[in-house]
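Visitor: Sharing a structure here in structure tokens format.
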Amino acid sequence: MATDTQTSRTVAEKFVERLGRQDPDGIQELFAEEIDWHVPGSDALPWTGRRTRREEVAPYFTTMWPHFAHGRSKVVLERVIVDGGDVMLLANFTHTVVASGKEFTTPAAMHLVVDDGRIVRMHLYEDTLTVDEAFNAG
């Protein structure tokens with residue numbers, strides 16, 4: 001992968017901006033046709049798991065977002081680290097679960113890999129126990 005740091009940073013900035021606007025189609029167009037996508041978590045949460053195709057990206061967001069109370073999510077992006085094609089986004093996510101009313105905050109790291117101007121890998125690392133507990137709160 002011979003992607004330069006500036007190209008990777010630009011793609012990552014577009015990703016973050018479109019994520020902030022909740023633009024699933026705009027996010028999806030940043031990805032390559034074949035991808036390595038992994039969001040670990042409980043099998044009870046329909047958006048967790050692996051994805052391998054660009055057309056699976058938008059449905060991830062349109063499946064997940066309705067589970068969080070609209071207007072009550074907060075993402076604090078603390079740091080963006082770029083080295084060639086590798087991008088690390090370090091953040092804190094705060095969401096309120098619609099079904100339980102429970103608010104939770106989790107630190108998160110997202111590893112993106114950019115190749116030829118497209119995202120080919122997205123792995124999310126977050127506190128999956130906190131997320132699971134928020135969805136299973138009574």
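The values are calculated or read from the model by the stated rules, or taken from the named source; none is laboratory data. Just so it is clear, the structure is predicted and the values come from calculations on it, not from any experiment. Cβ placement follows ideal geometry from the backbone for every residue including glycine, while neighbour counts extend to all protein chains displayed.
Visitor: Of everything in region 68-92 that's in a strand (DSSP E or B) and not aliphatic (A, V, I, L, M), which residue is modelled with the lowest pLDDT?
Guide: Residues of region 68-92 in a strand (DSSP E or B): 68, 74-83, 86-92.
Then keep just the ones that are not aliphatic (A, V, I, L, M); that gives 68, 74, 78-79, 83, 86, 92.
On the way: 68: 95, 74: 92, 78: 96, 79: 96, 83: 96, 86: 97, 92: 95.
Among them, the one singled out is 74.
Visitor: Further, regarding this structure: How many residues, within region 106-121, are of a type outside the set (Gly, Ala, Ser) and not in a strand (DSSP E or B)? Outline the logic, then answer.
Guide: Taking region 106-121 and keeping what is of a type outside the set (Gly, Ala, Ser), we get 106-107, 110-116, 118-121.
Still in the running and not in a strand (DSSP E or B): 116.
Matching residues across region 106-121 total 1.
Visitor: So residue 43 passes all but one of these: (1) in contact with a Leu (Cβ under 8 Å, 6 or more places away or on another chain); (2) of a type in the set (Asp, Glu); (3) assigned to a loop (DSSP other than H, G, I, E, B). Which condition number does it fail?
Guide: (1)
Visitor: Mind checking whether some residue in region 66-79 is more than 16 Å from residue 126 (Cα to Cα) and aromatic (Phe, Trp, Tyr)? Break it down stepwise before answering.
Guide: At the first step, the residues of region 66-79 found to be more than 16 Å from residue 126 (Cα to Cα) are 66-72.
Filter once more, keeping what is aromatic (Phe, Trp, Tyr): 68.
Yes, the conditions are met somewhere in region 66-79.
Visitor: Name every residue in region 15-40 that is small (Gly, Ala, Ser) and either farther than 27 Å from residue 133 by Cα or in contact with a Gly (Cβ under 8 Å, 6 or more places away or on another chain) (or both), in order of residue number. First the steps, then the outcome.
Guide: Narrowing region 15-40 to residues small (Gly, Ala, Ser): 20, 26, 32.
Scanning region 15-40 gives 26, 32.
Visitor: When region 14-26 is examined, which residues are found to be loosely packed, with under 13 Cβ neighbours inside 10 Å and without any contact (Cβ under 8 Å) to a residue 40 or more places away in the chain? Walk me through it before giving the result.
Guide: Of region 14-26, the ones loosely packed, with under 13 Cβ neighbours inside 10 Å are 17, 20-21, 25.
Result: 17, 21, 25.
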